[in-house]
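To start, the structure under review is shown below, and the notes come after it.
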Amino acid sequence: MTATVLTADPARVVAVARSWLGTPYHDQASLRGVGCDCLGLARGVWREVVGPEPFPIPPYSRDWGESGPREVLADGALAVMPELDPSEARPGALVLFRMMPRAIAKHVGILTGPDTFLHAYERLGVIEEPLTTAWRRRIAFAFLFPAR
């Protein structure tokens, strides 16, 4: 028998994520209003919604075309978050994007509506934008934030 994991209130996840809007892009940072990258945004939302980060994040490359035998981000998320099929992802879900064919998933976003998401993008900072077909087809993994 598998235990059911309680998940965070999606409205709270979305509200916290939106509080990061306008934060400048800064590689490997995670400070609301000061700077973050896409993973830093997810880490900041985690800290406010769930609590302390469960493990330190090692330095990582910015190469969206990186390939390899392991889905490092997905494996890390799976260790602490319930996974769901990307087709079932809904507002409040953390989604991982595969930006190039055959590359590992390296971009992170948070769904804010059925057709919108929030992410940190180089030169633009934290923005909310439409989840277009081009973005939607890049979703490789989806997870839910656990409850405190």
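Things worth noting here:
- Of all residues in segment 110-148, those satisfying the criterion of being closer than 15 Å to Pro91 by Cα and among the acidic types (Asp, Glu) are Asp115, Glu128, Glu129.
- Val5 vs. criteria in contact with a strand residue (DSSP E or B) (Cβ under 7 Å, 6 or more places away or on another chain), more than 22 Å from Phe117 (Cα to Cα) and not small (Gly, Ala, Ser): yes
- Pick from segment 37-50, criterion more than 13 Å from Leu118 (Cα to Cα) and in contact (Cβ under 8 Å) with a residue 60 or more places away in the chain, ranking: nearest to the chain's Cα centre (by Cα): Trp46
- Segment 107-128, residues that are in contact with a Ser or Thr (Cβ under 7 Å, 6 or more places away or on another chain) and either among the hydroxyl-bearing types (Ser, Thr, Tyr) or farther than 9 Å from Asp37 by Cα (or both): Leu118, Glu128
- Residue list for segment 99-120, restricted to those being more than 17 Å from Asp9 (Cβ to Cβ) and within 12 Å of the chain's Cα centre (by Cα): Ala105, Lys106, His107, Val108, Gly109, Phe117, His119, Ala120
- Which listed residue, of Asp27, Asp9, Asp37, Asp75, is over 14 Å from Val108 (Cα atoms) and acidic (Asp, Glu): Asp9
- Selected residue (only one of Thr116, Thr132 is touching a strand residue (DSSP E or B) at 6+ places or on another chain (Cβ under 8 Å) and polar (S, T, N, Q)): Thr116
- Some residue of segment 17-25 being surrounded by 15 or more Cβ atoms within 10 Å (Cβ to Cβ) and among the aromatic types (Phe, Trp, Tyr): yes
- Check on Val34, out of contact with any His (no Cβ under 7 Å at 6 or more places or on another chain), under 16 Å from Phe117 (Cβ atoms) and at pLDDT 95 or above: no
The values are calculated or read from the model by the stated rules, or taken from the named source; none is laboratory data. Quick caveat, the model's predicted, so the values are computed rather than measured. Heads up, the Cβs are rebuilt from the backbone with ideal geometry, glycines too, and the neighbour counts pull from every protein chain shown.
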